[in-house]
1. Keeping all protein chains in place, calculate the accessible area per residue for region 340-538 (probe 1.4 angstrom), answer in Å².
2. Normalised by the residues of region 58-131, what does the relative contact order come to in percent, with Cα pairs under 8 Å and at least six apart?
3. Rounded to the nearest 20 Debye, what is the dipole magnitude of the chain about its Cα centre when Lys and Arg each give +1 and Asp and Glu each give -1 at the C-beta?
4. Give, rounded to the nearest 20 debye, the magnitude of the charge dipole that region 361-508 has about its Cα centre when Lys and Arg contribute +1 at Cβ and Asp and Glu contribute -1 at Cβ.
5. Search the structure for amide H atoms under 5 Å from the amide H of Thr122, placed 1.01 Å from N in the peptide plane, and list their residues when 5 or more places away or on another chain.
6. So which helices of the chain fit the span-like rule, where a helix is a whole DSSP H run, its Cα atoms reach 27 Å or more along the axis, and its mean Kyte-Doolittle is at least 1.6?
7. Would any residue of region 103-142 have its amide N under 19 Å from a label point 7 Å out along Cα→Cβ of Ala70? List them or say none.
8. If I stretch the segment between Ser134 and Leu505 completely, what's the gain in nm (0.36 nm per residue apart, minus their alpha carbon distance), one decimal?
Amino acid sequence: MKVSLSITGNMTDYEAATAFIGEWGRFQQEVFFLLCMSIIPNGFTSLSIVFLADTLPHRCLIPAHVNLTAAWRNSSIPLEADSPSGTLVPSKCARYKLQDVLDFSDRGLLPGVDVNLSHVSTEGCLDGWEYDRSVYNSTIISEWDLVCDDRWKNPLTSSIFFCGVLSGSLISGQLSDRYGRKNILFVTIAVQTVATFLLVFSQSWVMFCAIYFIVGLGAISNYVTAFVLGAEILGQHVRTVFSTAGVSLFFAVGYMLLPLFAFFIRDWRMLSLGLALPGFFCVPLWWYIPESPRWLLSQGRVEEAEAIIRNAAKRNKIEAPSVIFSPLQIELQSDQRKAYNICDLLRSPNIRWLSITLWLVWNTVAIGYFALSLNTSNLHGNAFFNCFLSALVEIPAYTLSWVMFRWFSRRLSLSSTLFMGGLFLLLIQLVPANQIFLAITLEMMGKFAVTTAFAIVYAYTAELYPTVLRNTALGTCSMVSRVGSIIAPYFIYLRSYSVSLPYILMGSLTALVGLLSLLLPETRGMPLPDTITHMQRFPGCCQKKPNTLTQVEENENPAERKSLVVQ
């Protein structure tokens, strides 16, 4: 009789061995909702810069002690054309030369009557700026005068945060694969919460940026780790809901609460304090969220993995069998223990082309998502409402991502949402300047499509990579995407040159990458791979013959060689 282990043998063994606990018992429900709850503070933090660094209307300060007549004090700021409307508004960065204005005022001359203002010399805001505080009491822009010659520091602040996100994506993935999902999850939650609290005590823009970098490092780290932990603990059908709608909807809830916090807290220091507090409520979750049994098995810690499965059975009121994991599977897992790192994502042609394609997709999706999210303060109307609307759009987007992920092809779902998102953004430039609400509608539709794609690509990536590399791969994909999020603020900065330029660039990139994503292999209906040899094949890479291994794969997985035997 021939006995062999198929390519998907290990992952099938694990899912078959743990199938007795069911898919949606009390244990899975607690893991699902508690992990989702830990995501809510990320919704506050990731886009808080929209309010922390919003630019207040401003003009050059005319010192109160300067003895000017009312006419000259009201006319001391030159008018300039506003972009894109072309209407004349007071200059934000210049004033008429104060000594000349004081001389005209002392002589009793009237501006525009006795003095032609176009002939009066101008100067910079030598005495600082006067801010309109009708909306905000303060932001970091008004705190440290990040306007005019220093306005470049505004997008740089967001980019520094995303540099922290990039670093966290790289570090947390490898730490999580080495030291465990649960440990790194709670360490990074603590890092994010404490760093957000420390923002309150920033004494300079440089100090704020240094702390904000750490906030970004913690924010993405706990998001990715919670995502992977849930994907590995939950069963196949529940995992689909968790990976698409679950974590994403709770992130959107946090995002929706951000403008509500900002509406009632108009001072940036107090807002930072308010956004830090929810993180402290995550501490009790340590005693309720377990480690990933899949990860424990990959590390040879079989007794700990069995203890978690038995506890799950107990909570689901199911009697566990005397032996959960067979001796053969334990031997295979022991043989497969190997230290994997980011270099393994490029080691063989199959995983290399898969990784490069996913990196391009993640990078483009991040540009679109964060540029459109950060642009809400520039849209016509109330900044709080626009931010809330941008967050609200994500609710149906994440719901659609679950529907598409549940019943449709992963590859076609990702490709279609990216292509449609790019198309909506390209259409914005065709809208007449006076049709503001139509332009906002198209932008929100673009945000809707890009958000849907973002949720799909997270879950899709988790299914493409094996357990031994999953957190490193997700962390690396997230890290590469942060190149996109780092430059996203500068896409918005291009508005100062052309209002339509950011939409042309984002739309073109998004549509092209949507077509490129058609090259990715399909994973719908497939169990999660546990080893590199279990991965789906990228088009153009050599296919393996059934029950055979290439020399490279034999070196990577000696345990597979043991299982392909004939008795």
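The values are calculated or read from the model by the stated rules, or taken from the named source; none is laboratory data. Remember, it's a predicted structure, so these values are computed and weren't measured experimentally. A quick note on method: Cβ atoms are made from the backbone with ideal geometry, for glycine too, and the neighbour counts reach across all protein chains shown. All accessible areas refer to the heavy atoms of the entire protein, side chains included, with ligands and DNA or RNA removed. Shrake-Rupley method; radii C 1.70, N 1.55, O 1.52, S 1.80 Å.
1. Numbers: 6810 Å² over 199 residues.
Roughly 34 Å² per residue, with all protein chains present.
2. Details: 100 pairs, mean separation 32.3, N = 74.
Worked out over region 58-131, it gives 44 percent.
3. On the way: 40 positive and 39 negative charges, 271 e Å.
The calculated dipole for the chain is roughly 1300 debye.
4. Values: 7 positive and 3 negative charges, 47 e Å.
Roughly 220 debye, rounded to the nearest 20.
5. Close amide H contacts, sequence-distant or interchain: Lys97.
6. In the chain, the long hydrophobic H runs are 205-233.
7. Answer for region 103-142: 105-114.
8. Numbers: separation 371, 0.36 × 371 = 133.56 nm, distance 3.46 nm.
This chain segment gains 130.1 nm when fully extended.
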